[in-house]
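This report concerns only the one structure given below.
Read-outs throughout are calculated quantities, based only on the coordinates presented, and are distinct from any laboratory measurement. Since we're looking at a predicted model, the values are computed, not measured. Here the Cβ is made from the backbone with ideal geometry for all residues, glycine too, and neighbour counts use every protein chain on show.
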Amino acid sequence: MPYRSKDLLQQWVREFAATGATSKSVIEVLRHDGGAGADTGLVVMRMTDLPSDVYLHPVAPGNPRWEVNFGPRERDLTMSAGKLRDLAKELTEAAALCEFFEQKSAQHASQSGRTAVPTQTQ
């Protein structure tokens, strides 16, 4: 099985959802061609309170660290305190999913006999 393929990432998303950590964000895994045509998968979160997509992806092949990329917005973002609180919950969920993927990536690397690059959290 390719490392962090679309199928593997979909399995991890299902496991994450089973923990009850998900809110109203929609999490989708897309096929993404990595180097040499490798299926690396790409995770997209569509947040209710953010008018742009959020992408979660590994920092580099073999590295268990993940990062989050916020897509561009076409206009300023103004919201009430309640909407800001809802967005904060969705951002916390994105951080939890990113950490979950880092844990799963490290486990997957050790189970497949690969040496993972040490995780450096910030």
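Descriptive notes on the structure:
- Local electrostatic count, Val59, Cβ distance below 12 Å [Lys/Arg +1, Asp/Glu -1]: 0
- Karplus 3J(HN,Hα) series, Hz, for segment 96-105 with 6.51 cos²θ - 1.76 cosθ + 1.60 (x for Gly, Pro): 5, 5, 4, 5, 4, 5, 5, 5, 5, 5
- Peptides 86-99, 10-23 ordered by average Cβ neighbours within 10 Å, highest first: 86-99, 10-23
- Per-peptide average of other Cβ atoms within 10 Å, ordering 66-74, 24-32 highest first: 24-32, 66-74
- Of every Cα-Cα pair in segment 18-100, the percent that sits beyond 15 Å: 62 percent
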